[in-house]
Amino acid sequence: MSGRAEVKVKIPFGNKYLDAIFSVPEKKPTYGVILTHGAGGDMNFPHLVSLAAYLASHGVLCLRFTCKGLNVAYRTKAFKAVVEYLKLCEDYKLSGVFLAGRSMGSRAAASVIHQLSQGDDDDGFIQGLLCLSYPLHRPKLQSKLRDEDLLLITCPVLFISGSADEMCEKQLLEGVVRKMKAPKKIHWIDKANHGMAVKGRTADDVMEEVNAQVFSWLREIVQLQHK
């Protein structure tokens, strides 16, 4: 896609480095999205690559990164390190950033936002949270909901989930969303499972729907806050 460049970076995290890629728009970006993967895969998961390319081609900087740990606390620490890195990054002076993740990555993103809002670090840099296939519960274990961070967040949140997601039953997510303090929105991908696959639709077609929803939400939030 024209009008954007990809820049590979290594982000310091403890005594090691996280692999990451900037998708950089042609014009100087004002806002960015930090994006990470679920429990399996890495930053080159096709959905993340597609979203990063779409955002960059629409003027939004996207930084996606890989963190392989299967422990949410560890993933949250890694996400925090990436937020700090982007905040101090001399190459891109952003007005604000949205944290985004797929599946387990969205749990880590929610946890980071909750933690940062607790301390004196809350300087308004984080503009919102994007949850792709948020894993609200384990398959067939709907009694234990992973909603603790969601209920305490106050920044805008967008959920994009499949209506047939075995880890996020529709009624349960709608119930959690009703209890949330934050401005929030759910976009259901009809008949999609946790991996966003829909019988009879190509992966590209589904991603076009996801990407367009994400971008229109970002634009809405940024405009609302800067009228």
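Of these, Pro139, Pro156, which one is over 24 Å from Val49 (Cβ atoms), in contact with an Asp or Glu (Cβ under 7 Å, 6 or more places away or on another chain) and either open to solvent by 40 Å² or more (accessible area, probe 1.4 Å) or modelled with pLDDT of 95 or more (or both)?
Working: Pro156 fails: in contact with an Asp or Glu (Cβ under 7 Å, 6 or more places away or on another chain).
Testing whether each residue is over 24 Å from Val49 (Cβ atoms), in contact with an Asp or Glu (Cβ under 7 Å, 6 or more places away or on another chain) and either open to solvent by 40 Å² or more (accessible area, probe 1.4 Å) or modelled with pLDDT of 95 or more (or both) leaves just Pro139.
Filtering the range 166-177 for residues that are closer than 22 Å to Asp149 by Cβ and either free of Cβ contacts under 8 Å to residues at least 12 places away in the same chain or touching a Gly at 6+ places or on another chain (Cβ under 7 Å) (or both) leaves a non-empty set. Scanning the range 78-93 finds no residues that are assigned to a loop (DSSP other than H, G, I, E, B), within 15 Å of the chain's Cα centre (by Cα) and at pLDDT 95 or above. Listed conditions (1) part of a strand (DSSP E or B); (2) touching a Gly at 6+ places or on another chain (Cβ under 6 Å); (3) not polar (S, T, N, Q) are all met by Gly38, apart from (1). Look at (1) surrounded by fewer than 18 Cβ atoms within 10 Å (Cβ to Cβ); (2) under 16 Å from Lys184 (Cα atoms) and you find that Lys144 fails only one, number (2). Out of Ile113, Ile221, one residue alone is touching a Pro at 6+ places or on another chain (Cβ under 6 Å), of a type in the set (A, V, I, L, M) and within 17 Å of Ile34 (Cβ to Cβ). It is Ile221. Looking across the range 159-179, the residues that are open to solvent by less than 10 Å² (accessible area, probe 1.4 Å) and either touching a helix residue (DSSP H, G or I) at 6+ places or on another chain (Cβ under 7 Å) or under 23 Å from Arg219 (Cα atoms) (or both) come down to Phe159, Ile160, Ser161, Gly162, Val176.
Among the residues of the range 29-70, write down those that are without any contact (Cβ under 8 Å) to a residue 24 or more places away in the chain and of a type outside the set (S, T, N, Q). Working first, answer last.
Applying the first criterion (without any contact (Cβ under 8 Å) to a residue 24 or more places away in the chain) to the range 29-70 yields 40-41, 44, 49, 69.
Selection gives Gly40, Gly41, Val49, Gly69.
The values are calculated or read from the model by the stated rules, or taken from the named source; none is laboratory data. Everything quoted here is computed from the prediction, not taken from an experiment. With ideal geometry, Cβ positions are generated from the backbone for all residues, glycine too; neighbour counts draw on all protein chains shown. Calculation scope for accessible area: heavy atoms of the full protein, side chains included, ligands and nucleic acids excluded. Shrake-Rupley method; radii C 1.70, N 1.55, O 1.52, S 1.80 Å.
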